[in-house]
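Contents: one structure, followed by commentary.
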Amino acid sequence: MTGLVEHGQLFIGGELTDSLGKDVIEVISPHTEEVIGRVPHACRQDVDRAVAVARRAFDEGPWPRATLEERIEVVTRIKDGIAARHEEIARVISSQNGSPYSWSVLAQALGAMMVWDAAIRVARDFTHEEHRDGVLGPILVRREPVGVVAAVVPWNVPQFVAAAKLAPALLAGCTIVLKPSPESPLDAYLLAEIARDAGLPEGVLSVLPADREVSEYLVGHPGIDKVSFTGSVAAGKRVMEVAARNLTRVTLELGGKSAALVLPDADLRAAVSGIVPAAWMNNGQACVAQTRILVPRARYDEFADAFAAAASALKVGDPLDPATQVGPLVARRQQQRNLDYIRIGQEEGAKVLTGGGRPAGLEQGWYVEPTLFGDVGNAMRIAREEIFGPVICLLPYGDETEAVKIANDSDYGLSGSVWTADVEHGIEIARQVRTGTYSVNTFSLDMLGPFGGYKNSGLGREFGPEGYGEYLEHKMIHLPAGA
C-alpha cells in the first residue's frame, strides 16, 4: 500500500454516506509511525441510522426471505471477490497492523476466503427444517435467522474474524452492522466494496469504524438481536454486561494462553519446526498462539537451546518485505506492554534465553524482539496473563501428569497442542486438556469444525455447523395428527 488512503464517508446499508459526526480516525503505520489512512469516526447517530437500515432490511427486505441458494450465490461472489483482491487486502492489513506480508497473504486474505467458502459448505449441508414425532403429535422444527447482528472485530486478523461472523450470518439471512477496530478500518472498506459489487441488497451490511464508546452504544442498542464479539477478556465481559440489559444474545471469542505440550518421546526437530511458527505467528498477536511451551525437565536443556536458536533466527523487519517473519506490533501501547512484561518476567526470576528488547537497527517502528523466557514457573505473571506479542514462555515439567496439570492451570482455554511419537497417546492427552481446540503433532484451525474457548476464552462457537447455528433461532410448530 502506497500513499495516504482516505475514505470520506461511511458505508451504511450499501451506500457511502456522510457521517453525522465530525471526528476522524487516523490510521498509523506501525513500521514508519506515520499516518497512512483516514476514515470517518462513526458517532452514535450513525449507529442509529445503520441499525434502523438493518432493522428495516431484516423486517421488510428480500434478504431474509431469499432462498438459501439465492443467498449462497451472493456470498459466493463475495468469496470470489476476496480471492481476486487477496494481495491488495494483504498489503492493506500488513500496513495497518504490522502483520508480515507472507503471513497476511495466507492467513489474513486467503484464510478469510477459506472461511467464506467453508461457511457456504456448512449452510448447504445444514438441516434448516425437519419433521419430528412429538409426544403429543407431529411437530415441525425450523431454524430461522436471529435478526440484526452487531459484529465487532479486532485489529489483529480483521478480515479472517469478519468472515467468521459475516459469512454464517449472511447465509442464515441476517443483516449486519460491522464495527472494525480503529487501528484497522481500511480493509473493511475493501470488504464493503466487494459485498456491494457482489449484489448484496440494500440495508444488509453497514461498516462503522469507531472507538470503544461508540462500540458500547452499538452493543447496547435495542435494535440489535445478536452481538458477535472478538477481543480481550475485559472487553468481552463489558460486552456481555451491556448486551444483558436487552437480553441480547452474545458470542464471545476472547483471549488465550495456550500450552504446547512436548512429551518426552517427541522428535525435537519436528516439535521446534511446528511450535515456533505457532508461537510467534502474526508477531505473537494471535489469541490461539502457543505462548506456553511445556518441555520435560529431563530434556530441558536441549529443547531450550533449540527453541532459542529458532527464535533468534526469525527475521524481524518491514512487514511488507516478503522475507519478514516478525513485524512491528500494532501500536506503541502494545510495544510498551510487551517491554513491560519482559521486565516483569525478569523481576519474577525467569531467564531471557533470546531477545528481550527492541531489535537493533529498528529504532523507528513499534518493534519488539522475538523473546523466549526460560525457567518459567506457571505462577508467574508472564505465564498466566495474555501478553499478545512475541514473548513466549518455556516451562519445565516432571512427569506427564504434571504437564497436563500445568496446561489446565490457566484462566484460559482456547487452544493447545501436544507433540509426541505416539499419535494415539497424543489424542488421549488432548482429551484431558480443557480447551476448545487442540492439535496433535501439528497446529491448525479448521473452518469446518467448531472454534471457541472454555473458561475466560469465551462463549459460543464459530465455524462449522456449531458456528452457523449461532445465527439461527429455533422454532417449534405443532401440527395436527396425521399431518
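The values are calculated or read from the model by the stated rules, or taken from the named source; none is laboratory data. The model shown is predicted, which means the values in this text are computed figures rather than measured ones. FYI the Cβ positions are ideal-geometry reconstructions off the backbone, even for glycines, and counts take in every protein chain you see.
Taking the stated definitions as given, is GLU60 more than 30 Å from ARG332 (Cβ to Cβ) and among the acidic types (Asp, Glu)?
The answer is yes for GLU60.
Which number in (1) out of contact with any Leu (no Cβ under 8 Å at 6 or more places or on another chain); (2) in contact (Cβ under 8 Å) with a residue 24 or more places away in the chain; (3) over 28 Å from VAL214 (Cα atoms) marks the one condition that GLU69 misses?
(2)
Check ALA210, ALA266, ALA278, ALA309 and return the single one that is in the same structural domain as GLN432 (by TED's automatic domain parsing), of a type in the set (A, V, I, L, M) and not in a helix (DSSP H, G or I).
ALA266
Of all residues being more than 17 Å from ARG196 (Cα to Cα) and more than 22 Å from the chain's Cα centre (by Cα) in the stretch 67-109, which is surrounded by the most Cβ atoms within 10 Å (Cβ to Cβ)? Just the residue, please.
For the stretch 67-109, the residue satisfying everything is LEU68.
Would you check which residues across the stretch 132-162 are farther than 29 Å from ARG49 by Cβ and touching a residue at least 60 places away in the same chain (Cβ under 8 Å) and list them?
GLY134, LEU136, GLY137, PRO138, ILE139, LEU140, VAL141, ARG142, ARG143
Which of the numbered conditions does LEU372 fail, given that it passes all the others? Conditions: (1) outside the structural domain of LEU68 (by TED's automatic domain parsing); (2) not in a strand (DSSP E or B).
(2)
Check the stretch 151-160 and report whether any residue there is closer than 24 Å to ARG124 by Cα and of a type outside the set (Phe, Trp, Tyr).
Checked against the condition, which is being closer than 24 Å to ARG124 by Cα and of a type outside the set (Phe, Trp, Tyr), the stretch 151-160 yields at least one hit.
Can you pull out the residues in the stretch 465-483 that are touching a Gly at 6+ places or on another chain (Cβ under 7 Å) and surrounded by 20 or more Cβ atoms within 10 Å (Cβ to Cβ)?
GLU470
Within the group LEU140, LEU136, which residue is over 18 Å from the mean Cα position of the chain (by Cα), in a loop (DSSP other than H, G, I, E, B) and surrounded by fewer than 24 Cβ atoms within 10 Å (Cβ to Cβ)?
LEU136
Report, by residue number, each residue of the stretch 1-26 that is without any contact (Cβ under 8 Å) to a residue 40 or more places away in the chain, surrounded by 13 or more Cβ atoms within 10 Å (Cβ to Cβ) and part of a loop (DSSP other than H, G, I, E, B).
Matches in the stretch 1-26: GLN9, SER19, LEU20, GLY21.
Taking the criterion of being in contact with a Phe, Trp or Tyr (Cβ under 7 Å, 6 or more places away or on another chain), surrounded by fewer than 22 Cβ atoms within 10 Å (Cβ to Cβ) and in contact (Cβ under 8 Å) with a residue 24 or more places away in the chain, would at least one residue in the stretch 411-433 satisfy it?
no
Of all residues being in a loop (DSSP other than H, G, I, E, B) and β-branched (Val, Ile, Thr) in the stretch 145-204, which is surrounded by the fewest Cβ atoms within 10 Å (Cβ to Cβ)? Just the residue, please.
Per the criteria, the residue is VAL146.
For the stretch 388-400, does any single residue satisfy the condition of being in the same structural domain as ILE275 (by TED's automatic domain parsing), hydrophobic (A, V, I, L, M, F, W, C) and farther than 22 Å from ALA430 by Cα?
Yes, because at least one residue in the stretch 388-400 is in the same structural domain as ILE275 (by TED's automatic domain parsing), hydrophobic (A, V, I, L, M, F, W, C) and farther than 22 Å from ALA430 by Cα.
Which one is farthest from MET447 (Cα to Cα) among residues in the stretch 107-147 that are among the β-branched types (Val, Ile, Thr) and out of contact with any His (no Cβ under 9 Å at 6 or more places or on another chain)?
VAL135
Within the stretch 42-56, can one find any residue that is touching a strand residue (DSSP E or B) at 6+ places or on another chain (Cβ under 8 Å) and over 11 Å from VAL177 (Cβ atoms)?
no
Residues that are closer than 30 Å to ALA350 by Cα: find the strands (runs of 3 or more DSSP E) completely inside the stretch 379-483 holding 2 or more of those.
391-397, 416-419
Consider GLN364 against the criteria (1) buried (at least 19 other Cβ atoms within 10 Å of the Cβ); (2) assigned to a loop (DSSP other than H, G, I, E, B): it satisfies all of them except one. Which criterion is unmet?
If we test GLN364 against (1) buried (at least 19 other Cβ atoms within 10 Å of the Cβ); (2) assigned to a loop (DSSP other than H, G, I, E, B), just (1) comes out false.
Consider only pairs whose beta carbons are under 8 Å apart and that are at least six residues apart or on different chains; among these, list those whose first residue lies in the stretch 101-128 and is on the phi < 0 side of the Ramachandran plot and in the same structural domain as ALA164 (by TED's automatic domain parsing) and whose second residue is assigned to a helix (DSSP H, G or I) and among the basic types (Lys, Arg).
TYR101/ARG91; SER104/ARG91; MET113/LYS79; TRP116/LYS79; ASP117/LYS79; ILE120/LYS79; ALA123/ARG71
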